[in-house]
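All of the numbers you see were taken from the coordinates with simple rules; none came from a lab. These numbers come from a predicted model, not from an experiment. We place every Cβ from the backbone using ideal geometry, glycine too, and count neighbours over all the protein chains shown.
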Amino acid sequence: MNKKRFGEFGGQFVPELLIPALRELETEFSSATQDSRFLNRLAYLNEHYAGRPTPLHFAERLTKHFKKARIYLKREDLLHTGAHKINNSLGQLLLAKRMGKKRVIAETGAGQHGVATATAAALLGIQCEVYMGKKDVQRQQLNVYRMKTLGARVHEVDSGSQTLKDAINEAFRDYASSFHDTHYVIGSALGPHPYPAMVKYFQSIIGTEAKQQIQKREGRLPDYLVACVGGGSNAIGLFAPFIRHSSVQLIGVEAGGKGIRTGQHAARLGGPGKKGILHGSLSYVLQDKNGQIQKTHSVSAGLDYPAIGPEHAYLHATGRARYESVTDTQALNGFRLLAQTEGIIPALESAHAIAYLSRLMPKTKKSETVIVNLSGRGDKDVAQLSAREEEKK
Ligand SMILES: *Cc1c(COP(=O)(O)O)cnc(C)c1O
């Protein structure tokens, strides 16, 4: 298989002037991953700064609730900054430093990737600027304040829909003219090659740990893996070391929003997405019949993106993984279910994976095991949800 492609998906669909930047990144990434000093430094920061390994928690009361397969939770919510995003930001910031870059840029939707990147930049002493849609700036004031406190500059993007997709466009524009001294830290397993492969590499630590942990606890591989899918980085990170084990069923959960039939959702694979190119790679994209990118909706900002990482498109096309969707309402039920059975308030994104258990569990056997990736914690969501409940009163 062409290393730039996952089957027909992926590639490098970018303007000519970005090619040298991507070539430099590819060369540096491949030499860094063979350099024991780089790998030791990354392992050190993962352990002593981010808080790895994260626990694999046996969810006893959640298991009793369904009375079927045993459910384990991979606790990425316990990491510094509250989500799996830090795994990727630390890796890419170390790479930026190795390349001698003085500045990093990032895009952010809800602000989680912006915060993780601003955090890693502060730690390593690199200047950081974050592009964020104007609408998201208004919706996510707390994360804007966090990024500024960490010393980052936040650029409001007021083009297009003023959300994540437009922030990525602006970040690429900046990168095209600044890559001699700037690295662009993409926050999910998407974009042109080598980004999807690189982000997968840094996030694979989730699956590598989970595989060792479940082997130790159960003495065998799990039967099901469940993860929510925005761009796809937490899911591909969990799936990575299990892809070659065909007995392990891989399930990605997309945002069903207000329901697929309403058109207000972000279900690219489980819904009406078609093949198309967005942000430098070929994948499935929500678009109208003229190829215009469609507006998406989800209660969770982190899943609200019109395309999906190219390797997920490939896993879907080959049938190796299955993609399902969960509505806003079901996700909110999952949110409360986990809080009240396990004492863990999940991020709304992760609550989609929990909510899917209501459909999956009845089909499982008591002798089987399921691992759900808890990609982040819900602190960032509680203000939005309590305001929503007040409105309804
Ligand atoms: C950003 C985010 C996601 C979605 O991004 P992926 O790249 O699909 O993992 C999911 N969960 C949390 C907590 C996030 O912050």
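Observations on the model:
- Of 79, 113, 6, farthest towards positive along the dipole that unit charges on Lys, Arg, Asp, Glu beta carbons give the stretch 1-128: 79
- Protection proxy ranking of 217-228, 245-256, 12-23, 344-355 - average other beta-carbon atoms within 10 Å, highest first: 344-355, 245-256, 217-228, 12-23
- Taken about its Cα centre, the stretch 188-272 carries a charge dipole of roughly 60 debye when the Cβ of each Lys and Arg holds +1 and the Cβ of each Asp and Glu holds -1.
- For the stretch 126-245, fraction of C-alpha pairs farther apart than 22 Å, in %: 49
- C-alpha center-to-center spacing [the stretch 341-380, the stretch 122-188] in angstrom: 30
- Loop-resident trypsin sites (Lys or Arg not before Pro) (DSSP state other than H, G, I, E or B) in the stretch 223-273 with no more than 14 further Cβ atoms inside 10 Å of their Cβ: 244.
- In nm, spacing of pseudo-spin labels at residue 391 and residue 366 (7 Å Cα→C-beta vector): 4.5
- Under-5 Å amide H pairs with residue 327, H placed in peptide plane, nonlocal only: 256
- Radius 13 Å from Cβ of residue 141, net charge of other residues (Lys, Arg +1; Asp, Glu -1): +4
- For the stretch 221-254 and the stretch 1-61, distance of Cα centres in Å: 17
- Per-residue ellipticity at 222 nm from helix content only, as computed over the chain with -39500 (n - 2.57) for each DSSP H run of at least four residues, stands at -13000 deg cm²/dmol.
- With a threshold of 18 Å on the Cα-Cα distance, the over-threshold entries among 64/366; 200/258; 165/200; 74/216; 68/363; 135/275 are 200/258; 165/200; 135/275.
- Taking every alpha-carbon pair under 8 Å whose residues sit at least 6 apart, the stretch 16-166 reaches a relative contact order of 16 percent.
- Restriction of the trypsin sites (Lys or Arg not before Pro) in the stretch 54-129 to DSSP coil positions whose beta-carbon has at most 15 other beta-carbons within 10 angstrom yields 67, 102.
- With both residues required to sit in the stretch 1-137, DSSP beta bridges show an antiparallel share near 45%.
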